[in-house]
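Peer 1: Got a structure for you, questions after.
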Amino acid sequence: MNALRDAGFWFRFLAVLHGAVGLAVYPGPLVDLLRAGLWNSVDGSTPRQAAFWFLMFAPMLYLIGLLATQARARTGVYPRALIGTVLAVCLIGTVLMPVSGFPLGLLVCVLARHHTDRRRSAGVRAP
């Protein structure tokens, strides 16, 4: 399987990019979290909340990428529920935050849907 045509690879790539950008953009709030002792340190601080959610999303996105790649390797297609859910989240995210990584997630979902639609038209059934 060509990695550049694998939506799972691109989800994992976006996850690593998301984590790296989060570390680069939020070093101050992350240090504040550590200095506050971690327990209940996110509190009402908007910069801390942004840093927290920015970094917490990266591992979940990486997991989505792993699941997508494994499903495609096993069945030949991406699970409709997985790609459909990520597509919906990225669509809502793009509307609410157009200057973000959500539009990139939309592109990966389109790649996955395109691959799955082509395979389905060839007779492979998506789980």
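The values are calculated or read from the model by the stated rules, or taken from the named source; none is laboratory data. Computed from a predicted structure; not experimentally measured. Ideal geometry is used to build each Cβ from the backbone, glycine not excepted, and the neighbour counts take in all protein chains shown.
Peer 1: Among the residues of segment 96-108, is any at pLDDT 95 or above, over 14 Å from W10 (Cα atoms) and assigned to a helix (DSSP H, G or I)?
Peer 2: Yes, that holds for at least one residue.
Peer 1: Taking the stated definitions as given, is G101 surrounded by 13 or more Cβ atoms within 10 Å (Cβ to Cβ) and out of contact with any strand residue (DSSP E or B) (no Cβ under 8 Å at 6 or more places or on another chain)? Steps first, answer last, please.
Peer 2: Numbers: surrounded by 13 or more Cβ atoms within 10 Å (Cβ to Cβ): yes; out of contact with any strand residue (DSSP E or B) (no Cβ under 8 Å at 6 or more places or on another chain): yes.
For G101, the condition - surrounded by 13 or more Cβ atoms within 10 Å (Cβ to Cβ) and out of contact with any strand residue (DSSP E or B) (no Cβ under 8 Å at 6 or more places or on another chain) - is met.
Peer 1: Moving on to the next point. Residues of segment 52-76 being at pLDDT 90 or above and within 17 Å of L23 (Cβ to Cβ), which ones?
Peer 2: Scanning segment 52-76 gives L55, M56, F57, A58, P59, M60, L61, Y62.
Peer 1: Which fully enclosed helices (runs of 4 or more DSSP H) of segment 4-77 have 1 or more residues being without any contact (Cβ under 8 Å) to a residue 24 or more places away in the chain, farther than 21 Å from P103 by Cα and within 21 Å of the chain's Cα centre (by Cα)? Lay out the reasoning, then the answer.
Peer 2: Details: elements: 7-25, 27-35, 46-75.
The qualifying helices (runs of 4 or more DSSP H) are 46-75.
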